[in-house]
Amino acid sequence: MNTRLVLAACVVAICAACTGPDFDAEARGAELLMPFKMNLKGALVEGMSAGPVEAIDVCSVEAPTIAAALSVDGVVMGRSSHKLRNPENAPPSWLASYLGEFAEGGQQGPLVLELDNGRYGYAEPIATQGMCLICHGEKLAPEIATRIGEAYPEDQAIGFREGDLRGVFWVEFSKPWLSKP
């Protein structure tokens with residue numbers, strides 16, 4: 001067998017091994033966000049069982065804790081909105097310009113962006129559900145409005161209707177076979 005042909009075949013095999021299998025950034029982003037969404041929903045349901053005023057702490061305390069616990073090995077995640085309640089939920093720079101597109105209905109489904117250094121950004125919309133309206137709706141109960149006003153004096157996250165875009169879940173990550181940042 002031709003030595004050059006064998007050498008070329010080895011180079012192709014090594015390059016294929018280095019680049020890894022086909023990479024589906026959208027599927028990977030959705031996979032990474034799933035535990036965050038599930039844990040947050042569970043915490044919100046549990047918080048609501050204690051009462052809506054108590055559930056406000058779930059969003060302010062538990063949601064960032066859940067996101068931080070899942071932000072490991074070069075993965076960073078969170079949630080943001082075009083109408084922020086908590087300024088600490090401001091979007092990462094790669095997502096900021098797309099929030100308007102989500103809010104205006106121009107971006108209907110997930111967003112996938114290739115970022116610098118072999119990293120990806122993935123965001124998916126959060127639709128306002130009936131339960132959300134207790135704290136994010138057009139009319140809030142006085143005790144809810146008071147508690148939110150105390151915790152978030154610059155709150156913009158009200159006035160939503162069921163089905164409205166409430167915000168986005170987002171995650172930033174690398175291809176699994178690349179080194180972490």
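Looking at D155 and the list (1) assigned to a loop (DSSP other than H, G, I, E, B); (2) in contact (Cβ under 8 Å) with a residue 24 or more places away in the chain; (3) in contact with a Phe, Trp or Tyr (Cβ under 9 Å, 6 or more places away or on another chain), which single condition is not satisfied?
Failing condition for D155: (3).
Among the residues that make up the range 166-174, is at least one of them surrounded by fewer than 15 Cβ atoms within 10 Å (Cβ to Cβ) and either in a loop (DSSP other than H, G, I, E, B) or hydroxyl-bearing (S, T, Y) (or both)? Before you say what the answer is, go through the steps one by one.
We begin by selecting, within the range 166-174, every residue surrounded by fewer than 15 Cβ atoms within 10 Å (Cβ to Cβ); these are none.
Checking the range 166-174: not a single residue is surrounded by fewer than 15 Cβ atoms within 10 Å (Cβ to Cβ) and either in a loop (DSSP other than H, G, I, E, B) or hydroxyl-bearing (S, T, Y) (or both).
Give the residues of the range 46-71 that are out of contact with any Lys or Arg (no Cβ under 7 Å at 6 or more places or on another chain) and touching a residue at least 40 places away in the same chain (Cβ under 8 Å), sorted by residue number.
M48, P52, A55, C59, S60 - these are the residues of the range 46-71 that are out of contact with any Lys or Arg (no Cβ under 7 Å at 6 or more places or on another chain) and touching a residue at least 40 places away in the same chain (Cβ under 8 Å).
Of the residues E150, E143, only one is more than 21 Å from the chain's Cα centre (by Cα) and either buried (at least 19 other Cβ atoms within 10 Å of the Cβ) or closer than 20 Å to P64 by Cβ (or both); which? Spell out the reasoning first.
Details: E143 fails: either buried (at least 19 other Cβ atoms within 10 Å of the Cβ) or closer than 20 Å to P64 by Cβ (or both).
The unique qualifying residue is E150.
Yes/no per residue for (1) in a loop (DSSP other than H, G, I, E, B); (2) free of Cβ contacts under 8 Å to residues at least 12 places away in the same chain; (3) basic (K, R):
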| site | (1), (2), (3) |
| --- | --- |
| L113 | no, no, no |
| N117 | no, no, no |
| Y120 | no, no, no |
| C132 | no, no, no |
| L140 | yes, no, no |
| E143 | no, no, no |
| T146 | no, yes, no |
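Yes or no: Q108 farther than 17 Å from G29 by Cα and of a type outside the set (F, W, Y)?
Values: farther than 17 Å from G29 by Cα: no; of a type outside the set (F, W, Y): yes.
No: the conditions fail for Q108.
Looking only at the range 6-40, count how many residues are modelled with pLDDT of 50 or more and either part of a helix (DSSP H, G or I) or touching a strand residue (DSSP E or B) at 6+ places or on another chain (Cβ under 7 Å) (or both).
Of the residues in the range 6-40, 16 are modelled with pLDDT of 50 or more and either part of a helix (DSSP H, G or I) or touching a strand residue (DSSP E or B) at 6+ places or on another chain (Cβ under 7 Å) (or both).
The values are calculated or read from the model by the stated rules, or taken from the named source; none is laboratory data. Note that the structure is a prediction, hence the values are computed from the model and not measured. Counting neighbours? That spans all protein chains shown, and the Cβs are built from the backbone with ideal geometry, glycine included.
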